Amino acid sequence: MNKKKPLVSIITPSYNQGKYIEETLLSVLRQDYPNIEYIVVDGGSTDNSVEVIRKYEDHLAFFVSEEDYGQSDAINKGFSKATGEFIAWLNSDDVYTQHAISRAVEAFQAHPHCGFIFGNVLSIDMYSHVFNTMTFGNWGLADLLHFKIISQPGVFMRKKALERVGYLDPRYNYIMDHHLWIKIAMKYPLQYIDEFLAAARYHPEAKNLTGGSHYGDEAFTLYEWMKSQPDIVETVRKNQKEIEAGAHHLRAHYLLDVGKNWKAFKSYFQAIIRNSSILRLEYRRIVFALVNSLIPVSALRAAFLNKRTRAVRSQNYDRLLEYIKGE
């Protein structure tokens, strides 16, 4: 390890993702950054995950495979082992882009007061092909309170900020990351870098597809938590409509992704009556939700997705991930 560079701790929680975890491991181990502490916490996988992980065990700072109480518990276990100045977690089906950790450290050094940095994230399919992009902006606490969602794989935290606000709250199973970002943003400024730092994988077993209806429920649970926090209660009161609109918008987004079109449309409607600007931002998805509620047209969805995928692939973002498949 190069001790001149700050230590970066990366945690990978794992459970039965044997089809994808090797690419996750390689995306960390093949980074160009020289000082990485890699921690893998497996929840007692019953597939081939442990066999794959053990291939790389000599390169890990810590590895355990044992039953846990879910994803948040596994990540918190990793946090407790981490000793790096900067810290992040990468789920066992996601991957980093080629220079992600180097770029994150550079951003921390350029912005010494920020609590976490975040960048853009690619969407990849089960074959690691890019089909969509998630880009963000110079967001702060107000944006997070309005449920503007940052894609978790693109976030790196300052460890002292994480230690100050506490780890993931295990009562949340779907938006525990957003809750953590808000806690940090209540104490520290955030820093956005306009680069792709990671890729989030979408596949049939992914939580964002299997648990779509639960995201909205947790958003409203989080909203109740916001109203109980002395540091932000007045801000929350003054922005009640916009925050509620954001929660309904989040619910609608995930409902539509799992094909609950009419429920999605109703949630979009609730969001729009509280914040009309959502109509301008999401009119295509809103129209799609309504049309498919009345006359289900699977070909319409396929055509939309294919058009989007062709547009994204024309930019050749796949090149940012080619290195994980090399020898």
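Which residues, taken from the stretch 243-259, are surrounded by fewer than 19 Cβ atoms within 10 Å (Cβ to Cβ) and more than 15 Å from Glu282 (Cβ to Cβ)?
Listed by number, the residues that qualify are Val258, Gly259.
Could you check the stretch 175-221 and list, in sequence order, the residues that are out of contact with any Lys or Arg (no Cβ under 7 Å at 6 or more places or on another chain), part of a strand (DSSP E or B) and not charged (D, E, K, R)?
Leu190, Gln191, Tyr192, Phe196, Ala198, Ala199, Ala200
Looking only at the stretch 193-219, filter to residues that are in contact with a helix residue (DSSP H, G or I) (Cβ under 9 Å, 6 or more places away or on another chain) and among the hydroxyl-bearing types (Ser, Thr, Tyr); which one of those is modelled with the lowest pLDDT?
Only one residue tops the list, namely Ser213.
To keep it simple, each residue is scored yes or no on (1) in contact (Cβ under 8 Å) with a residue 40 or more places away in the chain; (2) surrounded by fewer than 20 Cβ atoms within 10 Å (Cβ to Cβ); (3) in contact with a Lys or Arg (Cβ under 9 Å, 6 or more places away or on another chain).
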{"position": "Asp94", "(1), (2), (3)": "yes, no, yes"}
{"position": "Thr97", "(1), (2), (3)": "yes, no, yes"}
{"position": "Ala100", "(1), (2), (3)": "yes, no, no"}
{"position": "Ala107", "(1), (2), (3)": "yes, no, no"}
{"position": "Phe118", "(1), (2), (3)": "yes, no, no"}
{"position": "Ser123", "(1), (2), (3)": "yes, yes, yes"}
{"position": "Thr135", "(1), (2), (3)": "yes, yes, no"}
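Residues His146, His129: which one is farther than 29 Å from Glu234 by Cβ, out of contact with any strand residue (DSSP E or B) (no Cβ under 9 Å at 6 or more places or on another chain), touching a residue at least 12 places away in the same chain (Cβ under 8 Å) and in the same structural domain as Ala88 (by TED's automatic domain parsing)?
His129
The values are calculated or read from the model by the stated rules, or taken from the named source; none is laboratory data. What you are looking at is a predicted structure, and each value in this text was computed from that prediction instead of being measured. Every residue, glycine as well, gets a Cβ built from its backbone with ideal geometry; the counts of neighbours run over all protein chains shown.
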